[in-house]
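**Q** This is the structure I want to talk about, given as structure tokens.
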Amino acid sequence: MLMVYITNPSKEKARELAEYLLTKRLIACANIFAGNSMYWWEGEIAKEDEVILIAKTVEENFDALKHEVADFSDYQVPCVIKVPVVANQQFVQWLRSEIRT
């Protein structure tokens, strides 16, 4: 099982992306959180409000998910980070029942 960390410019964009990925059955569920980011961009430190989408899926879907996010994203360099996790078996079974691989 994976949690995929994806940054978005707004809550609306994060919700649209989550719904899109859910509709395509690439993820089973998502959590959305407001956050603040600081990073190097074009030689300067940027400070931005961002919205973090944590999507839950399986390894088999990561490549397709990366491509869908790249196509959907408004960012020039989308952030899509996979984080392998261990979860309780009931949750993993439910997750697998809700996605397509």
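The values are calculated or read from the model by the stated rules, or taken from the named source; none is laboratory data. Bear in mind that the values here come from a model prediction, so they are computed numbers and not experimental data. For neighbour counting, all protein chains shown are included, and Cβ atoms are generated from backbone atoms with ideal geometry for every residue, glycine included.
**Q** Before we move on, is E60 within 11 Å of the chain's Cα centre (by Cα), within 27 Å of T101 (Cα to Cα) and of a type in the set (D, E)?
**A** Details: within 11 Å of the chain's Cα centre (by Cα): no; within 27 Å of T101 (Cα to Cα): yes; of a type in the set (D, E): yes.
Against the criterion (within 11 Å of the chain's Cα centre (by Cα), within 27 Å of T101 (Cα to Cα) and of a type in the set (D, E)), E60 does not qualify.
Yes/no per residue for (1) in a helix (DSSP H, G or I); (2) aromatic (F, W, Y); (3) under 26 Å from I99 (Cα atoms):
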site	(1), (2), (3)
I27	no, no, yes
A30	no, no, yes
A46	no, no, no
E50	no, no, no
K56	no, no, yes
L65	yes, no, yes
E68	yes, no, yes
D71	yes, no, yes
V77	no, no, no
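**Q** Which one of S97, S37 is small (G, A, S) and touching a strand residue (DSSP E or B) at 6+ places or on another chain (Cβ under 7 Å)?
**A** One residue alone meets the criteria, S37.
**Q** Any residue at all in the range 17-25 that is under 14 Å from the mean Cα position of the chain (by Cα), loosely packed, with under 15 Cβ neighbours inside 10 Å and closer than 14 Å to V4 by Cβ?
**A** Checked the range 17-25: at least one residue is under 14 Å from the mean Cα position of the chain (by Cα), loosely packed, with under 15 Cβ neighbours inside 10 Å and closer than 14 Å to V4 by Cβ.
**Q** Only residues that are closer than 20 Å to E12 by Cβ and assigned to a strand (DSSP E or B): list them for the range 79-101, please. So that I can check it myself, show each step before the final result.
**A** Initial filter on the range 79-101 (closer than 20 Å to E12 by Cβ): 79-80.
Correct list: V80 only.
**Q** Please specify each residue of the range 32-57 satisfying the condition of being within 12 Å of the chain's Cα centre (by Cα) and either modelled with pLDDT under 95 or surrounded by 13 or more Cβ atoms within 10 Å (Cβ to Cβ) (or both).
**A** Matches in the range 32-57: I32, V51, I52, L53, I54, A55, K56, T57.
**Q** From V86, V77, V92, V69, which residue is among the hydrophobic types (A, V, I, L, M, F, W, C), touching a residue at least 60 places away in the same chain (Cβ under 8 Å) and surrounded by fewer than 14 Cβ atoms within 10 Å (Cβ to Cβ)?
**A** V86
**Q** Regarding A28, is this residue farther than 17 Å from V4 by Cβ and in contact with a helix residue (DSSP H, G or I) (Cβ under 9 Å, 6 or more places away or on another chain)?
**A** Against the criterion (farther than 17 Å from V4 by Cβ and in contact with a helix residue (DSSP H, G or I) (Cβ under 9 Å, 6 or more places away or on another chain)), A28 does not qualify.
**Q** Hey, can you tell me all the residues within the range 1-25 that are of a type in the set (A, V, I, L, M), within 14 Å of P78 (Cα to Cα) and in a helix (DSSP H, G or I)?
**A** A14, L17
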